[in-house]
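Novice: I have a structure here, written as structure tokens, and I will follow up with some questions on it.
The values are calculated or read from the model by the stated rules, or taken from the named source; none is laboratory data. Because the structure is predicted, anything quoted here is derived from the model rather than measured. We place every Cβ from the backbone using ideal geometry, glycine too, and count neighbours over all the protein chains shown.
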Amino acid sequence: MRVAIAVLTAAALVSGCYYRTALPGASAAPGTPVRVVLTPDASHDLAPLLGDQVHTLDARVVSSTRDTLALAVSRVVRSDDRAVAWSGERVALPRTAISLVDRRRFSAAGTALIAAGVVTAAVLVRKAVLRPPCGARPSC
């Protein structure tokens with residue numbers, strides 16, 4: 001059972017909890033993984049470049065200027081929530097086309113809570129499964 005608890009704890013820690021935070025002024029250093037949400041007009045105007053009905057791009061920042069955000073795109077998401085994988089193709093987006101730029105962050109507190117919950121559940125299950133029958137306990 002200790003192995004099962006260790007495996008469950010490791011799984012909780014490896015999977016972890018994440019949250020997204022908006023980048024102020026849509027500024028990001030080169031190499032930063034980001035999610036870019038396009039404006040509705042940009043989704044339409046950039047269709048020849050990105051594909052029909054694309055509203056979100058997952059990418060790494062290549063460069064960032066006051067007017068343009070250059071990205072190496074790994075995935076685009078359409079308005080029907082269908083994701084299409086890309087292979088790092090580079091795209092330069094005008095800032096006016098961008099509604100939001102955010103970044104995924106690791107939540108140590110959330111991950112610790114999940115891990116503690118998994119361990120607690122595993123211990124409770126272990127006690128319930130390994131509890132001797134009522135007739136074998138003097139306190140029944």
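Novice: Given the conditions (1) touching a residue at least 12 places away in the same chain (Cβ under 8 Å); (2) exposed (fewer than 14 other Cβ atoms within 10 Å of the Cβ), report the number of the one that I98 does not fulfil.
Specialist: Failed condition: (2).
Novice: Suppose we filter D67, D52, D81 for residues that are under 30 Å from G117 (Cβ atoms) and modelled with pLDDT of 85 or more; which single one remains? Full working, then the answer.
Specialist: Values: D67 fails: under 30 Å from G117 (Cβ atoms); D52 fails: under 30 Å from G117 (Cβ atoms).
When all the criteria are applied, what remains is D81.
Novice: If you check V73 against the conditions, is it touching an Asp or Glu at 6+ places or on another chain (Cβ under 8 Å) and farther than 15 Å from T96 by Cβ?
Specialist: On the way: touching an Asp or Glu at 6+ places or on another chain (Cβ under 8 Å): yes; farther than 15 Å from T96 by Cβ: yes.
In short, yes.
Novice: Right, another one. Take the stretch 95-132 and flag every residue that is polar (S, T, N, Q) and outside any helix (DSSP H, G or I).
Specialist: Residues of the stretch 95-132 that are polar (S, T, N, Q), as a first pass: 96, 99, 107, 111, 120.
Once the filter is applied, which keeps residues that are polar (S, T, N, Q) and outside any helix (DSSP H, G or I), the stretch 95-132 yields S99, S107.
Novice: List the number of the failed condition for C17; all other conditions in (1) farther than 30 Å from V125 by Cα; (2) modelled with pLDDT of 75 or more hold.
Specialist: Unmet condition: (1).
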